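Single-structure report; data block below.
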Amino acid sequence: MCLIASFILLVLYVLFYMSFIFPLPINDAGSVRYRSIPWATFLLIFLNSAIFLLWLAPDLYNPEVMVDGEFPYDYVTKISSFGYRETVLRNGEGVGAFTTFTSMFMHADLLHLFGNMIYLWTFGRRIEDACGHGRYLVFYLLSGMVANLGSELMNPLIGDRPGIGASGAIAGIMGAYLLLYPGAKVTTLWGVGSILRVPISLVRIMLNQKAIIWGWRVTLPAWLLLLWFAFENTLFSFSSMKGEDTGGINYLAHLAGFLAALTIFLFVRKDLLMRYISGRSL
C-alpha cells in the first residue's frame, strides 16, 4: 500500500513539475477517422516503460550501488553499450549500427520516460490512425534514426557521449501532427495558463458569458505548442553547434527528428493523402 501511495505521489509531483510553467499536452482534442485502437502506440509505450522499469531502473535507483552520488557502474555500462555513439557505430563495437534503434528505447530517468510517453500518447494516436499500425511504426523508427544520425552530422562537436531516448522519434510524430492536423487543438495541463485565465474568465462572467474560473486543464491550438517546440529546439541547436552547454539535452536530435516529419506523406493512407492534396481536412 505504501508503495502504491508513493508511486501516486510521485506521478502527481512529476505532473505538477512538468506542467506549472509550460503547458504539458495530455490529450488530443480531436477524433480519429477510422476509430482504430492505437495498438502500435500502446506497444511503444509498453516497450519503453518495460525496458526502463525492468532493466535500467533497478540499477539507477538502487541505493546499495550508489557511490558518492555517481551513476552506478552497471547503469553506465548499459547506456554506453546500447546508447547511440559515433565510435560504436563506426567501429562496429557492441551491437554496432543497431544502437541507432536500441537507443530509442532507453531513458535516463523516470522524468525523461514520463515526458516522452505522454507526448507520444497525445500526438501519436491520430498519426497511427492516419497511417495504419505498420506504417506508423516504420515512420516512428525512421524518425528516430534520422534524429540520431542527423544530430551527429549537424554537430561533429557532440563527441562520444551516448545519446538515448525516444525524443527524436516522438519529435517526428509531432512534426507529422503539425503537417496533417494544423488546425487541431490539444488539452494541456498548465498552471500559469490557469492563473492567467482567471481575470479573463471574470470579465466573461461580467458580460454574462460562460466561463471556467479555475481549472488546471487548458485547451490550446496544437500548432502553437508544436511551432514553439521547433523554435526552442532550433535556438538551442545553434548553441549546441557552438559548443555551449545545453544541459545534456540533444536538441539537434529533436530538430532532426522534427524535420523527418516531411516523409510522413510516404506513410499516410492513400485516401487521406488524396483528401490532404485536395485541401480538405483530415
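Each reported figure results from applying straightforward, stated rules to the coordinates on display, with no laboratory input. Bear in mind that the values here come from a model prediction, so they are computed numbers and not experimental data. FYI the Cβ positions are ideal-geometry reconstructions off the backbone, even for glycines, and counts take in every protein chain you see.
Points worth noting:
- Within segment 255-282: backbone nitrogen closer than 20 Å to the residue 242 label point (7 Å, Cα to C-beta): 255-256
- Here segment 98-191 has an Rg and Dmax of 14.1, 41 Å, counting Cα atoms alone.
- 14 Å beta-carbon shell around residue 138, net charge (K/R +1, D/E -1): +1
- A straight Cα-to-Cα reach below 16 Å connects residue 185 with the aspartates and glutamates 28, residues fewer than 8 places away in its own chain not being considered.
- Taking the C-alpha atoms only, the angle from helix 2-19 to the longest principal axis of the chain is near 70 degrees.
- Quarter of the Cα convex hull surface for the chain, i.e. its orientation-mean projected area (nm²): 18.4 nm²
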